[in-house]
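The values are calculated or read from the model by the stated rules, or taken from the named source; none is laboratory data. This is a predicted model, so every value here is computed, not measured. Methodologically, a virtual Cβ is constructed for each residue, glycine included, from the backbone with ideal geometry; neighbour enumeration extends over all protein chains shown.
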Amino acid sequence: MANKTHLFFLNLEKRNYLNKCITQLNINGNIISDRVQILNEERKFYEKLYAEPDEDDPHHQTKTQDIRIIFLNEKYPKLATSERMKYELAINEHTCAGAVSKLKKKVKPQK
């Protein structure tokens, strides 16, 4: 059974390989299709995305405030410590076996 499952996902990966690759990239109206240039542009994008914020940027303070409003808003209910601990328990072999045993038998992977 494990071999059939493995083969299914292997074939799925093969079929979807082209969908995972960026073959063209539009940078300021210029279409880039060279793989090396695309990789360089991706690297630049993520470097900029994860770079330290520019304190001189006039939008920096606004962005920080927006993030605080969204994620630290008091109107969202918070879990009590005891409830939080209940949901943050470590997953062990027994828990996994119980979850697997509840799955339907002979279910084929979705296409």
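Observations
- Cβ-Cβ contacts under 9 Å between residues 6 or more apart (or on different chains), taken from a first residue in segment 3-16 that is aromatic (Phe, Trp, Tyr) to a second residue that is outside any helix (DSSP H, G or I), are listed as PHE8/LYS108; PHE8/PRO109; PHE9/PRO109.
- Out of GLN24, GLN37, sole residue that is out of contact with any Lys or Arg (no Cβ under 8 Å at 6 or more places or on another chain), surrounded by fewer than 10 Cβ atoms within 10 Å (Cβ to Cβ) and at pLDDT 85 or above: GLN24
- Contact map, segment 89-111: first residue under 22 Å from LEU12 (Cα atoms), second residue assigned to a helix (DSSP H, G or I) and modelled with pLDDT of 80 or more, Cβ cut-off under 7 Å, separation 6 or more or different chains; pairs are PRO109/PHE8.
- Search result, residues across segment 1-36 that are in contact with a strand residue (DSSP E or B) (Cβ under 8 Å, 6 or more places away or on another chain) and in a helix (DSSP H, G or I): none
- Count of segment 73-111 residues which are part of a helix (DSSP H, G or I), aliphatic (A, V, I, L, M) and modelled with pLDDT of 80 or more: 3
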